[in-house]
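Step one of this worksheet: look at the structure below.
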Amino acid sequence: MSKPRAKLTLHFPGCPVESTLSFLDGKWKGVILHHLLEEGTLRFNELRRRIPSVTQRMLTKQLRELEEAGLLQRTVFAIVPPRVDYNLTPLGQSLEPVVAALRAWGQQHVVCEGRKSVVLPQAETSSRAAA
């Protein structure tokens, strides 16, 4: 959780929204939650394969922050080679409607072109909904 946003949650009129966003703050946390909601339990390298743009260091950092927030559980198996599984806690699973709403909005309003995402103008989103 970023420090500036954490300071704002006590003094910001949008406190519930700001507080919730503080747990999702980070480029990859929403994507990690999406994959764990869709796939269930995943190992570290499985997550890396599903999110090829994330670095190993950043994925580790984001996973640790989600674990610290109580949204996911990290299970270490004492075998050789070591195995670590990640799955959502009940609290993390309760974010499913939030992630589903983000997915639905993106499907309706965003087009991915190559390496860029483009937000569609309102007229185009209306025609997409009709189709």
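The values are calculated or read from the model by the stated rules, or taken from the named source; none is laboratory data. Predicted model only: the values in this text are computed from it and were never measured. Ideal geometry is used to build each Cβ from the backbone, glycine not excepted, and the neighbour counts take in all protein chains shown.
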Q) Of (1) outside the structural domain of Val119 (by TED's automatic domain parsing); (2) under 30 Å from Val119 (Cβ atoms); (3) in contact with a Gly (Cβ under 9 Å, 6 or more places away or on another chain); (4) not hydroxyl-bearing (Ser, Thr, Tyr), Gly70 satisfies all except one. Which? A) (2)
**Q.** Some residue of the stretch 101-110 being small (Gly, Ala, Ser) and at pLDDT below 90
**A.** yes
Q) Only one of Thr60, Thr75, Thr41 is surrounded by fewer than 14 Cβ atoms within 10 Å (Cβ to Cβ) and under 14 Å from the mean Cα position of the chain (by Cα); which? A) Thr60
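Of all residues in the stretch 46-66, which are farther than 15 Å from Asp25 by Cβ and outside any loop (DSSP other than H, G, I, E, B)? Working first, answer last.
Step one: list which residues in the stretch 46-66 are farther than 15 Å from Asp25 by Cβ, which gives 46-57, 59-60.
The answer is Glu46, Leu47, Arg48, Arg49, Arg50, Gln56, Arg57, Leu59, Thr60.
Please find, among Thr20, Thr9, Thr89, the residue that is of a type in the set (S, T, N, Q) and modelled with pLDDT of 90 or more.
Matching residue, one of Thr20, Thr9, Thr89: Thr89.
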Q: Being touching a Lys or Arg at 6+ places or on another chain (Cβ under 7 Å) and either under 14 Å from Arg83 (Cα atoms) or outside the structural domain of Thr75 (by TED's automatic domain parsing) (or both) is the filter here, so list the residues in the stretch 34-50 that pass it.
A: Arg43
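For residues that are among the aromatic types (Phe, Trp, Tyr) and part of a helix (DSSP H, G or I), tally how many sit in the stretch 82-111. Show your work before the answer.
Step one: filter the stretch 82-111 for residues among the aromatic types (Phe, Trp, Tyr), giving 86, 105.
Checking the rest, the ones that are also part of a helix (DSSP H, G or I) come to 105.
Result for the stretch 82-111: 1.
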Q) Within the bounds of the stretch 25-33, is there any residue that is farther than 30 Å from Arg115 by Cβ, part of a helix (DSSP H, G or I) and not assigned by TED's automatic domain parsing to the domain that holds Arg115? A) no
Q) With (1) of a type in the set (Lys, Arg); (2) at pLDDT below 95; (3) closer than 29 Å to Glu18 by Cα as the list, and Arg57 as the residue in question, which single condition is left unmet? A) (2)
Q: May I ask you to list pairs of residues, at least six apart or on different chains, whose Cβ atoms are under 6 Å apart, with the first in the stretch 44-60 being farther than 17 Å from Thr75 by Cβ and touching a residue at least 24 places away in the same chain (Cβ under 8 Å) and the second being of a type outside the set (Gly, Ala, Ser) and not in a helix (DSSP H, G or I)?
A: Val54/Trp28
(Q) Checking Ala101 against (1) touching a residue at least 60 places away in the same chain (Cβ under 8 Å); (2) in the same structural domain as Arg115 (by TED's automatic domain parsing), only one condition comes out false. Which one? (A) (1)
